[in-house]
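The structure under discussion appears below in the form of structure tokens.
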Amino acid sequence: MARYTGPVCRMCRREGEKLFLKGARCLSDKCSFNRRSYIPGEHGQGRKKVSEYGLQLREKQKLRRMYGILEAQFARYFVLAEKKRGITGENLLQFLETRLDNVVYRLQLASSRREARQMVRHGFFQVNGKKVNIPSYQVKAGDVIQLKEKALKSPHFKGILEDNNGQNIPEWLELDTNTWVGRVKNIPSREQIDVPIQEHLIVELYSR
């Protein structure tokens, strides 16, 4: 399956809620979801009864699109979550939250996960002093994430950092706004993962 390259606002409309895929634009009046919150397509405004399977599928698609994960990759995460000791749904969310691109986004060093993924691929970040350009890299408790010195001087990053006051960062992460160095304090618990997802529906879907 190829990566989706169409209008990302269609994905928000399809899932019936904002997935915040375009950063600051999603908070502005320009957001397409504010103008057309119904499902895209000819019959998008019609009422349809959703089956139990449909609810499970939509929940999976919403989570997958929120983190920008392809179908096969998402399925692999679920297999890992099943094998890991603990609650499968919570394990799945932990795997997604501890991706490097998501951590960069959560530290507010990028305006969206999509932008964070692009920045990581361009090698703008280091983990424990070593360059990492793999967005799916799994961070661990105690890992240190920092911007490369060259990136700090770029106009794009200067704009991002000027708006970053270190507020609203998840409690499992910390950011020094003087040096722009972030640290993973711990692997997040379910209570620390702020995503509007009913993960038990995804577990039920894959258990069919």
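Taking other Cβ within 10 Å of each residue's Cβ, how do Val104, Val127, Val144 sort, fewest first? Provide the component values of the computation, followed by the final result.
Values: Val104 24, Val127 20, Val144 14.
With the fewest neighbours first, Val104, Val127, Val144 line up as Val144, Val127, Val104.
What are the ³J(HN,Hα) values, in whole Hz, obtained from phi via the Karplus relation 6.51 cos²θ - 1.76 cosθ + 1.60 with θ = phi - 60°, for each residue of the stretch 85-90 in sequence order, with x given for Gly and Pro?
Along the stretch 85-90, the couplings run 5, x, 8, 4, x, 5 Hz.
How many Lys pairs in the stretch 99-187 lie less than 24 angstrom apart by Cα atoms, where the lysines are 8 or more positions apart or on different chains?
For the stretch 99-187, the number of qualifying lysine pairs is 17.
Can you give me the long-range amide H partners of Glu174? Hydrogens built in the peptide plane at 1.01 Å from N, cutoff under 5 Å, separation of 5 or more residues or another chain.
Arg183, Lys185
Quick one: if the Förster radius is 22 Å, what FRET efficiency do Ile87 and Tyr137 give, using the C-beta to C-beta distance and rounding to 0.05?
Details: r = 24 Å, r/R0 = 1.08.
Computed FRET efficiency for Ile87 and Tyr137 comes out at 0.40.
Cα convex hull of the stretch 71-208: how many Å³ per residue?
Working: hull volume 15.4 nm³, N = 138.
Expressed per residue, the convex hull around the Cα atoms of the stretch 71-208 is 112 Å³.
Efficiency by 1/(1 + (r/R0)^6): what FRET value for Gln73 and Glu162, r their Cβ-Cβ distance, R0 = 30 Å, to the nearest 0.05?
Working: r = 34 Å, r/R0 = 1.13.
With a Förster radius of 30 Å, E is 0.35.
A short reminder: the numbers here are calculations on the coordinates, not readings from a lab. Just so you know, these numbers come straight off a predicted model, no measurement behind them. Here the Cβ is made from the backbone with ideal geometry for all residues, glycine too, and neighbour counts use every protein chain on show.
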